[in-house]
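Undergrad: One structure is given below, represented as structure tokens, and several questions about it will come after.
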Amino acid sequence: EAQVTQNPRYLITVTGKKLTVTCSQNMNHEYMSWYRQDPGLGLRQIYYSMNVEVTDKGDVPEGYKVSRKEKRNFPLILESPSPNQTSLYFCASSSSRERHNEQFFGPGTRLTVL
Amino acid sequence: AQSVSQHNHHVILSEAASLELGCNYSYGGTVNLFWYVQYPGQHLQLLLKYFSGDPLVKGIKGFEAEFIKSKFSFNLRKPSVQWSDTAEYFCAVRGNNRLAFGKGNQVVVIP
């Protein structure tokens, strides 16, 4: 089954404790992206990747890092989480071969930083 | 960078009523336009998309949207809503390899 998976689905942590949220897709998609969703703000793009070893900042990259060492994986790293990073995070992927292809979203990771 | 505006964040209506959600965007180049739906507790799913051709696009579950280039708009419509249409709806614009979302419309359909 074609899908985007994220782990963990729920995470409660404390300020300053490094964490990684994994994202994996099995559709051989070139393009992957991370978003955060906050009430009243919609989805805002954090980082995106056009292909392996190619990443770029989105609209709200501060406090986040990403890597794209393999095509299928695109982990989101919070080196020193802060309470303002409490949010719902979505990973998404799409094929770059057709510009109008829609993005496929993962199930989301709800992060709480105390 | 492109931006997307959605108005009337909260919409409450009765079953069988008609629904129209506005979406306006700003971007100078060629765009692809999308409407996504997020049912309670779920991830985003594509409702419909426009990339070229007929500006009236039909999607799943009876939804349709019309692209009006001169108004930079891509409004979503459904003639008769059902209780199961209760969800949050997001308009998105793809340009320059980036996908920008609006802030969403929370739609509640009362049985």
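Undergrad: Output the residues belonging to the range B:38-64 that are in a strand (DSSP E or B), surrounded by 19 or more Cβ atoms within 10 Å (Cβ to Cβ) and within 11 Å of chain A (Cβ to nearest Cβ). Break it down stepwise before answering.
TA: First, pick out the residues of the range B:38-64 that are in a strand (DSSP E or B): B:38, B:45-50, B:56-58, B:64.
This time we only want the ones that are surrounded by 19 or more Cβ atoms within 10 Å (Cβ to Cβ), so: B:38, B:47-50, B:57.
Listed by number, the residues that qualify are B:GLN38, B:LEU47, B:LEU48, B:LYS49, B:TYR50.
Undergrad: To continue, here is another question. Anything in the range B:65-111 that is within 14 Å of chain A (Cβ to nearest Cβ) and acidic (Asp, Glu)? List them, or say none.
TA: The answer is B:GLU88, and nothing else.
Undergrad: Count, please, the residues in the range A:65-86 that happen to be part of a strand (DSSP E or B) and crowded, with 18+ Cβ neighbours inside 10 Å.
TA: Of the residues in the range A:65-86, the ones part of a strand (DSSP E or B) are A:65-66, A:73, A:76-78.
Okay, now just the ones that are also crowded, with 18+ Cβ neighbours inside 10 Å, so A:66, A:76, A:78.
Looking only at that region, the number is 3.
Undergrad: Identify all residues within the range B:54-111 that are farther than 20 Å from A:LEU43 by Cβ, among the small types (Gly, Ala, Ser) and out of contact with any Gly (no Cβ under 8 Å at 6 or more places or on another chain); write none if there are none.
TA: Once the filter is applied, which keeps residues that are farther than 20 Å from A:LEU43 by Cβ, among the small types (Gly, Ala, Ser) and out of contact with any Gly (no Cβ under 8 Å at 6 or more places or on another chain), the range B:54-111 yields B:GLY62, B:SER70, B:SER84.
Undergrad: Could you say which residue among A:LEU41, A:LEU78 is over 18 Å from A:SER93 (Cβ atoms) and either touching a helix residue (DSSP H, G or I) at 6+ places or on another chain (Cβ under 7 Å) or away from chain B (no Cβ under 12 Å) (or both)?
TA: Details: A:LEU41 fails: either touching a helix residue (DSSP H, G or I) at 6+ places or on another chain (Cβ under 7 Å) or away from chain B (no Cβ under 12 Å) (or both).
Result: A:LEU78 is the single residue among A:LEU41, A:LEU78 that is over 18 Å from A:SER93 (Cβ atoms) and either touching a helix residue (DSSP H, G or I) at 6+ places or on another chain (Cβ under 7 Å) or away from chain B (no Cβ under 12 Å) (or both).
Undergrad: Quickly run through the range B:19-37 and pick out the residues that are part of a loop (DSSP other than H, G, I, E, B) and either more than 13 Å from chain A (Cβ to nearest Cβ) or of a type in the set (S, T, N, Q) (or both). Show your work before the answer.
TA: Of the range B:19-37, the ones part of a loop (DSSP other than H, G, I, E, B) are B:22, B:27-31.
The answer is B:GLY22, B:TYR27, B:GLY28, B:THR30.
Taken together, the values in this text are just the output of simple stated rules run on the coordinates, not laboratory data. Source: prediction; values computed, not measured. Note that each Cβ is placed from the backbone with ideal geometry, even for glycine, and that neighbours are counted across all protein chains shown.
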